[in-house]
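Presented below is the structure to which this report refers.
Read the figures in this text as sums done on the coordinates, not as results from a lab. On a predicted model such as this, the values are computed, not experimentally measured, just so you know. Positions of Cβ are generated from backbone atoms using ideal geometry, with glycine treated the same way; all protein chains shown enter the neighbour counts.
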Amino acid sequence: MVNDLSVTLCGLHLRNPVIPASGTFGFGVELSDCFDLNRLGGISLKGTTREARYGNPTPRIAEAPAGMLNAVGLENPGIDVLVREKAPALRKCYGGCIIANISGFSLEEYAECCAKASDCPEIDLIEVNVSCPNVHAGGMTFGTDPHSAAAVTRAVKAVCRKPVFIKLSPNVTDIVAIARACEDAGADGLTLVNTFLGMRIDIRRRQPVLANKTGGFSGPAIFPIALRMVWQVAHACSIPVMGCGGVATARDVVEMMMAGATAVEVGAENLRNPLACPEILDALPELMDELNINRLQDIIGTV
Amino acid sequence: MERQLYTILRNEPVAARTWRLELASDDPSFVAGGEFVQVALDGFYLRRPFSICERSKGRIVLIYKVVGEGTAALSGLRPGARLDVLTGLGRGFDPDACSSSALLVGGGVGAPPLLPLCRELVARGKRVSVVLGFNSASEIILESEFRALTPDVTMATVDGSAGLKGFVTDAISAVKPTFDYFYTCGPLVMMRRVCDMLKTGGEVCLEERMGCGAGYCAGCSIQTRQGVRRVCKDGPVFKKEDILW
């Protein structure tokens, strides 16, 4: 059987639904000597702000059973370097969907950065991060309240000519309410979820492991929660969803799509295995055969 | 960067809480001390970075200290077991930065990456002085390996149980080696004191908690005089003058 892995996301043709998640794949070119990036359906670039940022002091990484915590704090070279250097450099070795991931500390900053990303010919889609748990102003505060999330959505939609996905935080009581607010404010799609706010303590030093004290928890441990949120939101909203959170195997990709995801982002798994995405793509056709799936997009939202 | 499956040839204790791991490997990517591998361990989500201590035909040697659950699990693996290893990581010491004579200063399990550097410097006809510091005699590693390469090796222990009593800085003051460039790897506080004390140029090999180990997660970024740098990709070796202590 010839397997069709392609999906259509807001009119964009993706050769498959597998996309490295923002922050786990640099600006793409860092992995270009590791495998053929053109195998990927899309690449979500490192979260970018208006100005260059160093982020948080180290240690920024901690381990947990079946996962990890990070408190990088949006280290990035700034939006001008993204559109002038990073996106064009990736386009030279990658023909698929390039996703800019934009963060901010004010509505004006979100709008300015998204407008620049939208004007960048190499960028196909814009993912707006209203859910970074590792910065102390802005970031997640925009994504934990429906009115703020809607305000960001309206501000960026007013200046973008390309599809806008809002990346939501799972650190909320009712993610469906926030998803609906974004949809009503004009979002073209939703990415969910970002990391869960967590913590580890060094029991010998009696101090948090992370210099930032808390960090975002990701990895296979969060997969069932992320899947549940994707399922709830996909059934409550009519805009496409990119599923993200603990995806590590071809089976996880199929589960996310059955729950309602049109595309699937792979995050922490890239950090432990740089070949995670191509290995998932190697395994998908066989799993599709086993499940009698001819076209992968036929399973979207079937559960 | 490449992902390889290596078979364990030996995995034995060589000093207090310190183990020597020998892997069957034809890793052709290794060129300089300071480069490292990322080792995956069953039951642990993240890989562990270890600097390469020796590479000869068909094998690489890593020396590691058991400091937590991951390294304890590694010490339990027996010859014949296979390890999932990422190779070709990091930028190591630059032997060409030294014009004729070098000082190598190692502390504890910071000594291993200095061994391939020592070998390289000697092969290039440079004179090498080595000062190695440990907490006590029970923790000493690689002394005979360094002595096989150069006659000028000074050992120091904090408790005085072997060699000169005191820190590596005390040993350097005592033996007054002559050199035009230095290389150091060990605890951060030791390297800082070494850099403050020595007036020549030099290089330090940093350690940091890492995520990917290959420059794409920003988990180990530090601020330097050259701007933000990734310890795993731009380092772990940095020039003395670039470090913001």
Alpha-carbon centroids, region A:61-86 and region A:110-132: separation in whole Å: 16
Least to most buried among A:E75, A:E108 (fewest other Cβ within 10 Å first): A:E108, A:E75
Label-point separation, A:R205 to B:R10 (7 Å along Cα→Cβ), nm: 3.4
Spin-label pair B:R147/A:S6, simplified geometry with 7 Å Cα→Cβ offset, distance in nm: 7.0
Where only C-alpha atoms are counted, convex hull volume of region B:2-89 per residue in Å³: 88
Above-threshold pairs, the threshold being 21 Å between Cα atoms, out of A:K86/A:K162; A:K46/A:K162; B:K126/B:K165; A:K86/A:K213; B:K65/B:K176: B:K126/B:K165; A:K86/A:K213; B:K65/B:K176
Förster radius 22 Å - calculated FRET efficiency between B:R192 and B:E2, Cβ distance, rounded to 0.05: 0.05
Descending semi-axes in whole angstrom, ellipsoid equivalent of region A:229-285, from the Cα gyration tensor: 22, 11, 8
Region B:108-184 - convex hull of alpha carbons, volume per residue in Å³: 80
Net charge over other residues, Cβ less than 10 angstrom from the Cβ of B:Y216 (K, R count +1; D, E count -1): +2
Beta bridge orientation in chain A: antiparallel %, DSSP, nearest 5: 40
Positive minus negative residues near A:L5 (Lys, Arg vs Asp, Glu; Cβ under 14 Å): -2
Surface/4 of the Cα convex hull for chain B, nm²: 12.2
The protein assembly as shown, dipole about Cα centre (Lys/Arg Cβ +1, Asp/Glu Cβ -1), debye to the nearest 20: 1300
Distance in nm between pseudo-label sites at A:R228 and B:V31 (7 Å out along the Cβ direction from Cα): 5.1
Among A:N194, A:N101, A:N56: highest mean-square fluctuation, GNM of chain A, C-alpha pairs under 10 Å: A:N56
Net charge over other residues, Cβ less than 11 angstrom from the Cβ of A:G219 (K, R count +1; D, E count -1): -1
Exposed trypsin sites (Lys or Arg not before Pro) absent: longest stretch of chain B, with sites in DSSP loops and at most 13 other Cβ within 10 Å deemed exposed: B:125-198
Ranked A:Y54, B:Y183, B:Y64, criterion: other C-beta atoms within 10 Å, fewest first: A:Y54, B:Y64, B:Y183
Sites A:A236 and A:D298 - FRET efficiency at Förster radius 22 Å, r taken between beta-carbons, to 0.05: 0.50
Efficiency of FRET from Cβ geometry, B:S100 and B:R17, R₀ 41 Å, rounded to 0.05: 0.65
Descending principal axes extents, chain A, alpha-carbon based, whole Å: 54, 49, 40
Calculated Rg and Dmax of the protein assembly as shown using C-alpha coordinates, Å: 25.1, 76
Size of electric dipole in chain A: Cβ of Lys, Arg +1 and of Asp, Glu -1, about Cα centre, debye, nearest 20: 800
